[in-house]
Amino acid sequence: MIDEPSRRGWQGKVPREFLESAVFANLGAKRRSLLVRPGHGLDNAVVSLGGRKVLILTSDPLSVIPSIGMKESAWLSVHLLASDLTTGGVDPQFAMLDLNLPPEMELPAIGAYLKAIGDECKRLGVSIVGGHTGRYPGSGFTVIGGGMMFSVAGRDAYVTPAMAKPGDAVLITKGAALGATAVLARSFPETIRRLGGAELLGRARSRLGDCSTVKDARAASSVGLHENVTSKHDATEGGVLGGLFELSSACGLPVVVAREKIHIPAEASAVCGAFGLDPLTTLSEGTLIVTCRPGGVEDLRAALSNAKVDNYEIGRIGPRGQVKGLWLSSGGSKPQPHAPAPDRYWDAYAGAMGRGLK
């Protein structure tokens, strides 16, 4: 049962119980061609096109964060979508974008945003095939619409988090709290400068360029899907621990992880501390979770390193028969079940805006 504060006050993704009772319970007509349906921890839908072809689709919000600028906001919006799609082992091919913009956003700013969207899609090889653009009373920053990306692929040429197997190694890329660190540092630079000076601010701001898992996912796919890499999942809202719990929900197996092996960049620790956030449970766009057969770990880590993507082996997928969920150990202790904690990022962001932090 969702407690009353959660019912009244949640921001970001809806509570898990509501997702079950109100979203997954109301998915319209059932179709046999739908191969991968909506579910916890599943980034993409998969639809059979007949024969040996499938359509892989994902969706995400589009955002404009005034404090980081039009170009950077557009880059982030494109990569939120592309990061999800590439976890499936495919390159993004097509996009549809729905922009419901606030009245205060003037045409030159809209034009700059759309140009940056188009430029980044072109760089990634994505064709924008349709959508909607308008300004409406009641719309506001930061979420200004939604988008879809989709690709055609071979029937056996994709992976989902449901495909992780017992005994797989679990790895992450780059570290925890990347998204929260980058956006908070760019939104409240004076606060971060007072905390740790220009050097900390520079490192934290630079993490925006890490808020994509496209390069990570492509490198992981290069060592072979299924025979080596069995699943990929990006850690967004809920952070690394939330993403690992979602992985367990998707595959139905325990995920056993050593907490101390989860890398937290120094700038992430500092920025999260300043805003009262746990780096392991807050927004971590840019962190890819990968599961891999034990014999392929060396090749996987080499491929990631060659792509200049830092990577860390943090645990394994447990055996069938063990209770699913996230199991955490610390300092060699016996792993204990760990329930997902709410991500307080949006509360922290809204609170800082309300207090007039700069």
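The values are calculated or read from the model by the stated rules, or taken from the named source; none is laboratory data. Just so we're clear, the structure is a prediction, and the values are computed from it rather than from any experiment. All Cβ positions, glycine included, derive from the backbone under ideal geometry; neighbour counts span all protein chains shown. Quick note on the areas: whole protein, heavy atoms, side chains included, nothing else; ligands and nucleic acids left out. Shrake-Rupley method; radii C 1.70, N 1.55, O 1.52, S 1.80 Å.
Selection within the stretch 47-64: residues that are under 23 Å from the mean Cα position of the chain (by Cα), open to solvent by 10 Å² or more (accessible area, probe 1.4 Å) and not polar (S, T, N, Q). The member of this set that is nearest to GLY140 (Cα to Cα) is PRO61. Elements of the type strands (runs of 3 or more DSSP E) sitting completely within the stretch 19-65 and holding at least 2 residues that are among the polar types (S, T, N, Q) and touching a strand residue (DSSP E or B) at 6+ places or on another chain (Cβ under 9 Å): these cover 53-63.
Taking residues in the stretch 46-57 that are in contact (Cβ under 8 Å) with a residue 60 or more places away in the chain and among the β-branched types (Val, Ile, Thr), and partners anywhere that are surrounded by 15 or more Cβ atoms within 10 Å (Cβ to Cβ) and in a loop (DSSP other than H, G, I, E, B), the pairs with Cβ atoms closer than 6 Å and at least 6 places apart or on different chains are ILE56/ASN44; ILE56/GLY88; ILE56/VAL90; ILE56/TYR158.
Taking the listed residues ARG32, ARG16, the one that is of a type in the set (Lys, Arg) and at pLDDT below 95 is ARG16, with no other qualifying. Are any residues in the stretch 65-81 open to solvent by 20 Å² or more (accessible area, probe 1.4 Å) and closer than 17 Å to ILE128 by Cα, and if so, which ones? Result: TRP75, LEU80.
For the stretch 143-165, filtered to residues that are open to solvent by less than 60 Å² (accessible area, probe 1.4 Å) and part of a loop (DSSP other than H, G, I, E, B), the residue that is farthest from LYS53 (Cα to Cα) is ALA164. It is to be established whether one or more residues within the stretch 82-94 are buried (at least 17 other Cβ atoms within 10 Å of the Cβ) and on the phi > 0 side of the Ramachandran plot. Checking the stretch 82-94: at least one residue is buried (at least 17 other Cβ atoms within 10 Å of the Cβ) and on the phi > 0 side of the Ramachandran plot.
Could you look through the stretch 225-237, keep only residues that are modelled with pLDDT of 95 or more and open to solvent by 10 Å² or more (accessible area, probe 1.4 Å), and pick out the one that is nearest to the chain's Cα centre (by Cα)? Out of the qualifying residues, it is LEU225.
Tell me yes or no: at least one residue of the stretch 66-73 is assigned to a loop (DSSP other than H, G, I, E, B), among the hydroxyl-bearing types (Ser, Thr, Tyr), without any contact (Cβ under 8 Å) to a residue 40 or more places away in the chain and on the phi < 0 side of the Ramachandran plot. No, every residue in the stretch 66-73 fails to be assigned to a loop (DSSP other than H, G, I, E, B), among the hydroxyl-bearing types (Ser, Thr, Tyr), without any contact (Cβ under 8 Å) to a residue 40 or more places away in the chain and on the phi < 0 side of the Ramachandran plot.
Pick from LEU114, LEU124: which is in contact (Cβ under 8 Å) with a residue 12 or more places away in the chain, within 18 Å of LEU62 (Cα to Cα) and open to solvent by 50 Å² or more (accessible area, probe 1.4 Å)? Give the derivation first.
Details: LEU124 fails: open to solvent by 50 Å² or more (accessible area, probe 1.4 Å).
The match here is LEU114.
Among (1) open to solvent by 70 Å² or more (accessible area, probe 1.4 Å); (2) farther than 13 Å from GLU260 by Cα, there is one condition VAL309 misses while meeting the rest; what is its number? All conditions are met except number (1). Restricting attention to the stretch 114-142, the residues that are over 23 Å from LYS53 (Cα atoms) and touching a Phe, Trp or Tyr at 6+ places or on another chain (Cβ under 8 Å) total 2. Inside the stretch 215-230, residues that are assigned to a strand (DSSP E or B) and touching an Asp or Glu at 6+ places or on another chain (Cβ under 8 Å) make up a count of 1.
Looking at the structure I just gave you, is GLY175 out of contact with any Leu (no Cβ under 7 Å at 6 or more places or on another chain), surrounded by 13 or more Cβ atoms within 10 Å (Cβ to Cβ), outside any strand (DSSP E or B) and not hydrophobic (A, V, I, L, M, F, W, C)? First the steps, then the outcome.
On the way: out of contact with any Leu (no Cβ under 7 Å at 6 or more places or on another chain): yes; surrounded by 13 or more Cβ atoms within 10 Å (Cβ to Cβ): yes; outside any strand (DSSP E or B): yes; not hydrophobic (A, V, I, L, M, F, W, C): yes.
So GLY175 fits the description; yes.
Each residue in the stretch 60-85 was checked for being among the hydroxyl-bearing types (Ser, Thr, Tyr) and closer than 15 Å to LYS115 by Cβ, and 2 of them qualify.
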